Every structure is written in structure tokens, then in C-alpha cells.
Amino acid sequence: MLFAFFWCGCSFALPPETFRVDILKFEHQLVGAPDWETGPPRSVGHFQLRIEVEVNGKPVAYKPYGLLISMLASSEAYWDGNSLGANGSVGQSADTEIPGQLDYVYYLPDSLLAPGKHLLNLEVSNFHADGKVRFYGILVAGYLDPIVKPIITAAYLHIYAGCFLIIGLYFGFRFVTNRKDFSLLVFAATCLSFFALLIMEYIRSYYFYPYPWHFPRLWTILILSYLISACLPIFFSIRFRFRWLYLVVIAQLGLFVLLLTFNTYGLDPTTNFGMILGFVLASGICLWAVLTRQKGARLAFFGVLPVTIALIVGYKNYDMVLYAGFSYLVLTSMGSLAIKERNDRQEREEALLLSSRLRLELLQKSIQPHFLMNSIASAIDWIEEHPPKGVELLLSLSEEFDLLLEVSERQLIPMEQELALCRAHLKVMGFRKLQQYELITENCDPADHIPPAIILTLIENGISHHSGVVLEGSNVIFRLRQESTDFGKLFRFLAVDEQGVPTAENIVKGTGLRYVEARLKESYGNNWSLNSRPVLEGWETTIRIT
């Protein structure tokens, strides 16, 4: 049976009308065995290979030719009985064999390439192949062609890979300066992994490594491909806040294990299927983001979906589709990230404007003319009737304004400072209303941080919108309780009418609650909730921070 097989570099051969070398017959024999078998050997050992070839046409004079042998084996070559050299050292066992290179070019003088039939004998041993027997091809071409042309191809691919290196490093440094956005870290890891994948794919073109290194290289390519495949859905899940990220990661890891367990078609198909899996999951997440109308979702979806379809439909040209498609995906993802960055910048600018407005509103609310004038009028009355009490009122008023000026420029303040502000205000209002106000706290952590004046605002609402509260002697009591839950922190503020029934005025959301909501949104985004409702004791306001 005729056997002909060619390495992926068969395009190095000269045009058939000038010079061509055809393989007519390929036989092998285990050393010491009596019979010859057709085709390359399929086991590990020490073999003799006999290959009949036919030279058609005359070689170009004075042009050096080479015999390229690509196999997981050490070898010695003989052309019509003439020794061409050795690749490594052929041995009788793994101890005596010195592994040769995976791809090796023997010099073949043009004097040995006379037209007609020739016999190529190879003595090979592949004891270091670990049972993975591979014979990739035999080729006669110009001596430098199998060396130079792959290097040229690799050079272009390395320039291409360098783009992903720069992109990966850029977004990696951006994550270092903005540690809150983990999508930047995952995107950087994806680009750097793809850079490493290209390097590992084409390192064979310019580094003729020993053949035992071949399968570790293939496993490295598989690991890098799976890393890229895992990063894609994670990136889009973080980018669009996909709530079932953990389920996606677990499912993908399970499918990776299945692919590796039932690896019946070789490492290349297992690698390719794993990569396609990541694109399919990423497409599903982007589709979910489009359906939920998230910003930048359409651009991301039309970036990943065409690549997914192309990889499935054009599977036979997997490498070409992946290299072209991945660059398209990265460009669209960078566009999506640019849109996200623009929106985030707008939100930050709006937040700064809101913060400035809230600081101004806090000061305006606290030094409004009727509050300040009434407090001064009360101080004058107290000074005339009871000077020490008048001085105490002025000191409390001064303390309140000092605290307000101190906290107005800050986004978060310690609970201890907030409670001090509240008690200073209650002391002032006690002098004005001729009552004793008291704030009772339960489980409030003094070191915990909250937005400034939100508890103060609730107290002001309690004083202005309630005819009274639960009375204990002559005291007016407000209660604040802090609770820790599985979903974050919970603050309960209780204000009660004398009759224990909230008035209709309590139900209307005034400027006070709008200020509290604005402060919470400024500090916690959407990770908070505020609820104000009637309870048996009166009126309760709860703030939940997740």
C-alpha cells in the first residue's frame, strides 16, 4: 500500500514542474523483528524505516537542499546508503537514547537527487515519547526554506501577539490604579493569556526543541486556551453584573473536566472545544445583558457572537478564525469598556455635583434663618432669666455648628461623630422647646462610618412632624438600633406620637428623607434601601446598607 504524508510546511517544496520528490512506499520494522509493515510505527521502541521516493525533474544546480524529518523520535538518516547525519542519538532503550529535535533538517546534496527512484533508510528510537507516537511528515525542499519561512511567519504573528501584550499590560496597570473594577483585571488576563498562547503556538517555528518537550508544549497551549475560555464569561459577568457568575464558573469547570476525561480525539480537538465553550457562554451572558437593557451590552454582544458562530462553522480553519476573531472581540470589548468608562466618568461628575449640592444643602438646612433666629432668641431669653442656662445653650449651638462645618466636607463620618452632632442638636432643641430630648442607642458601633447628618435629619423630622413621642417622665425619647445581618447593616430609627399613631403628615416624603436618600446614593450607589412605615409604637424608619 502506498503511503504519503506531508508536514504542514509542505508549501516549502519547489513548484512541481521544476522539481518534485514523491513518496512511493513507506515501511517500518521493529529492530529484531522479521517482517516489514506498511506505514509509520505506532508504538515505542527502536525501529528501521524504509521509504521509497521518486525524484521528478532536476534540482537547481548549486542550490542546497534539505530533508526535513518531523517526528517524536531520535533518528539517523541514510539516502541510497549515504549517511546524512544524526538527530540526537538513537538508542536501544530510554537510558541509551539521547532525544533529538522534533523538527530536524538533514543536508541533502544535489548530487544525490538524480531523477528516478531512491531509497531513504531511517533508524529511529522514540523511548522518550511516553507512548505518544507521532510522525508528522517528511519533506524534501530547499535547505533554508523549512527554517527561514516559518521564522518569517512567526515574526508577523509575534508582532500581532505584541499588540495583545501591550493591551494586557495597559489594562493591568489601569486595574492597579482602580482596584474596584475587576473587569479590567480579567480583561488584562485574557489579553496576556492570548499573547502567551500565540508565543507557544509559534515557538516551534524558530526553536527546534527536543521531541520530549512537544506534549508539554501542547498541554501548555491547552491550559492557556482554557484560561482564556474561562476569562471570557467571567469578564462579561463582572462587566454586566451577571448574578449567576458562580454557577457559570462551576458549570464551565465541570465541562472542562468532561472534555479532558473523554479526550478521545487528541489534545487539539479538546483544546478547540474548550475555547469554543467559553465563547458560547460569553455570548449567552451578553444576550442576557442585551435583554436586560444594560449600557454597552449590544456592542459586546455583536463582538462575541460573530466570533462564536465563525468558530463553530469554520472549525476546519480554527486557528485562522480564532486569531482574526479574537482581535475583533478585543476591539469591540475595548469599545464597550470605553463606553463604560465614559458613563462612569459622567456618574462621578454628577456625584461630585451632588456631593457639593448636598454639602450646601446641609449647611443651608442647618443655618436656616428661622432656626438660627429662634435659637438666638431662646438664648437671649435664657440669659435674661437664667444666665448659666443661656450660656449653655450658646455653647451647644456653637458645638453643633462646629460639628456641621467639620462633617459637611466629608462623604462618610464615624458613627460617634454623628451621634455627637445629634445630641448637640437635641440639647439646643431642648432649650428651645422647654423639654428634655434623649437619644437612646443600641448596638451602635462608634467606629462604623455613615453619611453625615442622616440620623440628625431623621431626628429633625421626628421633632417637626410629630406632636410628641413616647414620654418617660418629662423626657422625649428617640431610639436608634443597629443590627448586623447576612445582607449588611440595618439601622432602625423609632419616633412615636403620644397616641402611638402616626399622623398623615408623617407619610408624605419631605425634603428631609430626600436628603437622606441622596446621601445614601452618593456613598453606596444602589446598595441600600430606605423604608418608612407605621408600627404599633408609632413611626419607624429603617435604613439597610448591603
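Here are a few things to note about the model shown:
- Taking the criterion of being under 13 Å from residue 112 (Cα atoms) and surrounded by fewer than 20 Cβ atoms within 10 Å (Cβ to Cβ), the residues of the range 64-78 that qualify are 64, 78.
- Evaluated against (1) assigned to a helix (DSSP H, G or I); (2) surrounded by fewer than 19 Cβ atoms within 10 Å (Cβ to Cβ); (3) touching a residue at least 24 places away in the same chain (Cβ under 8 Å); (4) of a type outside the set (Lys, Arg), residue 307 falls short on exactly one condition, (2).
- Selection status of residue 302, assigned by TED's automatic domain parsing to the domain that holds residue 222 and surrounded by fewer than 18 Cβ atoms within 10 Å (Cβ to Cβ): yes
- Pairing residues of the range 93-119 that are at positive phi and touching a residue at least 24 places away in the same chain (Cβ under 8 Å) with residues that are surrounded by 14 or more Cβ atoms within 10 Å (Cβ to Cβ) and of a type in the set (A, V, I, L, M, F, W, C), at Cβ distances under 9 Å and at least 6 apart in sequence or on separate chains, gives 116/55.
Rundown of residues vs (1) at pLDDT 75 or above; (2) over 30 Å from residue 238 (Cα atoms); (3) of a type in the set (A, V, I, L, M); (4) under 37 Å from the mean Cα position of the chain (by Cα), yes/no style:
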| site | (1), (2), (3), (4) |
| --- | --- |
| 313 | yes, no, yes, yes |
| 322 | yes, no, yes, yes |
| 332 | yes, no, no, yes |
| 337 | yes, no, yes, yes |
| 354 | no, no, yes, yes |
| 366 | no, yes, no, no |
| 369 | no, yes, no, no |
| 375 | no, yes, no, no |
| 398 | yes, yes, no, no |
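- Which listed residue is assigned by TED's automatic domain parsing to the domain that holds residue 403, at pLDDT 55 or above and closer than 13 Å to residue 532 by Cα, from 513, 520: 513
- Residue pairs whose Cβ atoms lie under 7 Å apart, sitting 6 or more positions apart in sequence or on different chains, and linking a residue in the range 36-63 that is crowded, with 20+ Cβ neighbours inside 10 Å to a partner that is of a type in the set (Phe, Trp, Tyr) and at pLDDT below 85, are 59/19.
- Residues located in the range 405-418, provided they are out of contact with any helix residue (DSSP H, G or I) (no Cβ under 7 Å at 6 or more places or on another chain) and aliphatic (A, V, I, L, M): 405, 415
- Odd one out for residue 465, checked against (1) within 24 Å of residue 378 (Cα to Cα); (2) crowded, with 18+ Cβ neighbours inside 10 Å; (3) at pLDDT 75 or above: (3)
- Selection of first residues in the range 198-222 that are closer than 21 Å to residue 321 by Cα and at pLDDT below 90 and of second residues that are in a helix (DSSP H, G or I) and of a type in the set (Ser, Thr, Tyr), restricted to Cβ pairs under 7 Å at least 6 apart or on distinct chains, gives the following pairs, ordered by first then second residue: 205/153.
- Every residue from the range 144-172 that is touching a residue at least 40 places away in the same chain (Cβ under 8 Å), under 30 Å from residue 22 (Cβ atoms) and surrounded by fewer than 19 Cβ atoms within 10 Å (Cβ to Cβ): 144, 147, 149, 150, 151, 153
- Residue list for the range 16-25, restricted to those being buried (at least 19 other Cβ atoms within 10 Å of the Cβ) and out of contact with any Asp or Glu (no Cβ under 8 Å at 6 or more places or on another chain): 19
- Filtered residues of the range 257-279 (kept if small (Gly, Ala, Ser) and more than 22 Å from residue 329 (Cβ to Cβ)): 266
- Of the helices (runs of 4 or more DSSP H) entirely within the range 174-281, those holding at least 1 residues that are surrounded by 22 or more Cβ atoms within 10 Å (Cβ to Cβ) and either of a type in the set (D, E, K, R) or touching a strand residue (DSSP E or B) at 6+ places or on another chain (Cβ under 7 Å) (or both) occupy 214-239.
- Members of the range 35-87 found to be in contact with a helix residue (DSSP H, G or I) (Cβ under 7 Å, 6 or more places away or on another chain) and among the polar types (S, T, N, Q), listed by number: 82
- From 138, 228, 199, 167, residue being over 15 Å from the mean Cα position of the chain (by Cα) and outside the structural domain of residue 67 (by TED's automatic domain parsing): 199
- Qualifying residue in the range 532-545 (condition: modelled with pLDDT under 70, more than 30 Å from residue 350 (Cβ to Cβ), assigned to a strand (DSSP E or B) and touching a strand residue (DSSP E or B) at 6+ places or on another chain (Cβ under 9 Å)): yes
- In this structure, residue 123 qualifies as of a type in the set (D, E, K, R) and part of a strand (DSSP E or B).
- The set of residues in the range 238-283 that are touching a residue at least 40 places away in the same chain (Cβ under 8 Å) and of a type in the set (Gly, Ala, Ser) comprises 274, 278, 282.
- Scanning the range 60-110 for residues that are of a type in the set (A, V, I, L, M, F, W, C) and part of a strand (DSSP E or B) yields 67, 68, 69, 71, 77, 79, 84, 86, 98, 105, 108.
- Given (1) aromatic (Phe, Trp, Tyr); (2) in the same structural domain as residue 65 (by TED's automatic domain parsing); (3) surrounded by 19 or more Cβ atoms within 10 Å (Cβ to Cβ), index of the condition residue 107 fails: (3)
The values are calculated or read from the model by the stated rules, or taken from the named source; none is laboratory data. The structure displayed is predicted, hence computed values, not measured ones. Methodologically, a virtual Cβ is constructed for each residue, glycine included, from the backbone with ideal geometry; neighbour enumeration extends over all protein chains shown.
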